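The values are calculated or read from the model by the stated rules, or taken from the named source; none is laboratory data. What you are looking at is a predicted structure, and each value in this text was computed from that prediction instead of being measured. A quick note on method: Cβ atoms are made from the backbone with ideal geometry, for glycine too, and the neighbour counts reach across all protein chains shown.
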Amino acid sequence: MKKIILFILFFISPFYIIFAPDNARSEELKPGEYQVKAAFLYNFLKFIEWPEGPVKTADAVTLCILGEDPFGRDIDIIRGKAVRDRVLSVRNIGSVQEAGECRILFISPSERKNIAHILEKARGSGVVTIGDTEGFAQQGVIINFFLENDRVRFEINIEAAKKADLQISSKLLKLARIVENTGPTITGTGR
């Protein structure tokens, strides 16, 4: 019995020590859900045309996160990146009234009870509203993330985009699930 324990300790354990870190590293390198969503947010900016209008920030394109921040540090992968000769800035805001300089408004799942009020305040502002809560797109959020087969996907409400006077590239539309407004009630429990 002692020989078996010594065999495991001296011959098998080193193989585990050598190979286990690679497995752990590969898990660390696999992007998390909100890293993927952050990358999508950045790439959406390349496929959306805004109207000339009230948001006039010369040096920055501002992404605002309304409500509890689900991204945490994952949003840092896009913070400060160049977008159409401007810098992408990220701000956390506590109310839709603070969204005056925002080009993109990410509406956190924590704001699901306030969605009608938020969309009413954002209407006509030329802001791209984005969420990741079931039912948000049908309520009028322009782009909404969802998970399908453990992959991040997105849906687009074209009617909401038109009302915001936004032009969304056909290239982006081809990748999206297209949804329509269905009414003021959101069902379900979240993402």
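Quickly run through the range 162-191 and pick out the residues that are assigned to a helix (DSSP H, G or I) and at pLDDT below 95.
Matches in the range 162-191: LYS162, LYS163.
Yes or no, residue by residue, for (1) touching a residue at least 40 places away in the same chain (Cβ under 8 Å); (2) surrounded by 14 or more Cβ atoms within 10 Å (Cβ to Cβ); (3) in the same structural domain as PRO51 (by TED's automatic domain parsing):
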| residue | (1), (2), (3) |
| --- | --- |
| PRO70 | yes, yes, yes |
| GLY94 | no, no, yes |
| SER108 | yes, yes, yes |
| ILE118 | yes, yes, yes |
| GLY131 | no, yes, yes |
| ARG153 | no, yes, yes |
| ILE158 | no, yes, yes |
| GLN167 | yes, no, yes |
| LEU172 | yes, yes, yes |
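Read through the list (1) at pLDDT below 95; (2) surrounded by 11 or more Cβ atoms within 10 Å (Cβ to Cβ); (3) at positive phi, then give the number of the only condition that PRO31 fails.
So PRO31 meets the others, but not (3).
Filter the range 133-146 down to residues that are touching a residue at least 40 places away in the same chain (Cβ under 8 Å) and either part of a loop (DSSP other than H, G, I, E, B) or over 12 Å from the mean Cα position of the chain (by Cα) (or both) and give me whichever is nearest to LEU175 (Cα to Cα).
Per the criteria, the residue is ALA137.
Only residues that are in a strand (DSSP E or B) and either exposed (fewer than 12 other Cβ atoms within 10 Å of the Cβ) or not assigned by TED's automatic domain parsing to the domain that holds VAL128 (or both): list them for the range 72-84, please.
ALA82
Check the range 137-144 and report whether any residue there is at pLDDT 95 or above and touching a Cys at 6+ places or on another chain (Cβ under 8 Å).
No, every residue in the range 137-144 fails to be at pLDDT 95 or above and touching a Cys at 6+ places or on another chain (Cβ under 8 Å).
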